[in-house]
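Here the structure comes first, spelled out in structure tokens, and everything after it is commentary.
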Amino acid sequence: MSWYRQHPRVLPWKSTKDPYIIWLSEIILQQTRVAQGTPYFLAFTKAFPSVHDLANAPQDEVMRLWEGLGYYSRARNLHTAAKYISRELDGVFPDTYQTILKLKGVGPYTAAAIASFAYDLPHAVVDGNVYRVLSRYFGIETPIDTSTGKKTFAELADQILDREDPASYNQAIMNFGSMQCVPKNPDCGKCPLQSACRAFEMQKVTQLPIKSKKIKRKDRYFYFLLCFNEAGEIAINRRGAGDIWQGLYQFPLFELEQAMNLEDIVETLKLPKELEVLSISKTYKQILTHQTIYARFIEVEQKQKSPEILSSDAVWKLPSALVDIAFPKVVNRFIEDRFDAAGYSPGLF
DNA sequence: AAATCGGGGAG
DNA sequence: CTCCCAGATTT
């Protein structure tokens with residue numbers, strides 16, 4: 001905390017005790033760097049000053065504001081919890097750790113953060129920064145991504161929590177982890193904890209914390225159908241549950257097990273005769289945590305009316321309206337290339 | 001307990 | 001490329 005007083009960090013959500021604002025910031029910052037999340041925080045607080053504003057917003061509007069931030073279940077759960085607080089709790093934010101924990105999308109970390117920052121309750125946060133600081137300082141080699149590890153670090157964090165000022169303490173240890181005890185090449189020479197740091201003593205700083213699991217990524221090949229009708233509108237649909245990007249929109253999608261050339265694609269997809277293939281885009285690559293997406297966009301034109309050729313849930317939008325709809329990043333990259341550079345008429349690459 | 005869910009920035 | 005980020009939920 002002494003170090004923290006000398007290394008303050010001005011952040012837009014630190015100047016309030018409003019639990020709604022704090023909750024909003026914490027959800028946005030889950031697995032997200034401060035620099036990446038800050039613009040989203042500003043956009044959300046401007047669009048939805050109160051929990052009622054958020055609760056009463058259409059889902060598509062919430063998703064649109066979240067567009068590009070990733071982990072979209074956060075946005076859906078945020079909206080669900082806002083409606084719960086607004087309608088079931090009369091807009092009164094829950095004020096105990098256990099009741100905060102009941103909110104959709106709020107786990108142990110976020111409940112502790114809200115409880116301490118908004119209500120000064122003695123609950124220790126354990127985020128990626130805290131795992132790193134504690135594992136190094138105490139020289140703990142228990143993997144942090146196991147149930148045993150989570151329990152160990154949660155108990156330790158609770159033991160060393162400053163119960164007189166849990167809000168400042170939580171803020172301090174997270175800041176210390178993000179600024180001094182950084183993941184790579186920490187400058188231990190200017191660390192105030194060096195003399196008591198077990199990892200420094202054992203020369204294991206770079207090895208801690210330990211993670212046991214390694215992620216494996218699988219390749220997926222997406223072929224989106226860019227289908228115009230006679231009015232110059234494009235078919236889109238909303239992605240459902242059970243896969244990535246739930247709640248976002250896309251062009252009608254055909255997925256293949258492996259990459260194919262244009263002729264084989266047309267053959268394999270068995271496109272209806274009413275559709276004439278105009279062109280196919282380059283491959284857009286998007287790396288996610290557990291998969292790599294290779295996306296191509298096949299531009300087709302409807303030669304005659306055939307409403308049911310695409311999925312029945314398709315809706316038609318003018319290209320100029322796409323900017324107000326939430327798409328995955330890889331789709332937006334194509335949209336920018338296709339419509340901002342080449343214009344809005346079909347077939348013109 | 002393990003798998004899954006995005007996107008970006010640092011090294 | 002790999003790793004990690006103010007983690008949570010589902011399987």
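A compact table of results
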{"quantity": "All lysines inside 18 Å of A:Lys285 as judged from Cα atoms, apart from same-chain residues fewer than 8 positions distant", "calculated": "A:Lys216, A:Lys218, A:Lys329"}
{"quantity": "Solvent-accessible surface ranking, highest first, for A:Met179, A:Met63 at 1.4 angstrom", "calculated": "A:Met179, A:Met63"}
{"quantity": "Per-residue SASA entry for A:Arg64, accessible area with 1.4 Å probe, Å² rounded to 10", "calculated": "80 Å²"}
{"quantity": "Per-residue SASA entry for A:Lys329, accessible area with 1.4 Å probe, Å² rounded to 10", "calculated": "110 Å²"}
{"quantity": "Rg(Cα) / (2.2 N^0.38 Å) computed for region A:158-231, rounded to two decimals", "calculated": "2.01"}
{"quantity": "Radius of gyration, Dmax [region A:2-207; alpha carbons; angstrom]", "calculated": "17.9, 55"}
{"quantity": "A:Arg217 - accessible surface, heavy atoms, 1.4 Å probe, Å² rounded to 10", "calculated": "120 Å²"}
{"quantity": "Spatially proximal aspartates and glutamates relative to A:Lys151 (Cα-Cα < 18 Å; intrachain offsets below 8 disregarded)", "calculated": "A:Asp127, A:Glu141"}
{"quantity": "Flagged links, alpha-carbon separation over 18 Å, of A:Lys46/A:Lys104; A:Lys270/A:Lys303; A:Lys102/A:Lys211", "calculated": "A:Lys46/A:Lys104; A:Lys102/A:Lys211"}
{"quantity": "Of all accessible heavy-atom area on chain A, the percent that carbon and sulfur account for (1.4 Å)", "calculated": "51 percent"}
{"quantity": "Longest to shortest principal axis, alpha-carbon extents of chain A, angstrom", "calculated": "75, 50, 34"}
{"quantity": "D (Stokes-Einstein, µm²/s), Kirkwood Cα radius, region A:218-341, 1.306 mPa s at 10 °C", "calculated": "106 µm²/s"}
{"quantity": "Computed [θ] at 222 nm, helices only, for chain A once each DSSP H run of length n ≥ 4 contributes -39500 (n - 2.57)", "calculated": "-10500 deg cm²/dmol"}
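The values are calculated or read from the model by the stated rules, or taken from the named source; none is laboratory data. Only a predicted model underlies this, so the values are computations on that prediction, with no experimental measurement involved. When the accessible area is computed, the model is the full protein with side chains, heavy atoms only, and any ligands, DNA or RNA have been set aside. Shrake-Rupley method; radii C 1.70, N 1.55, O 1.52, S 1.80 Å.
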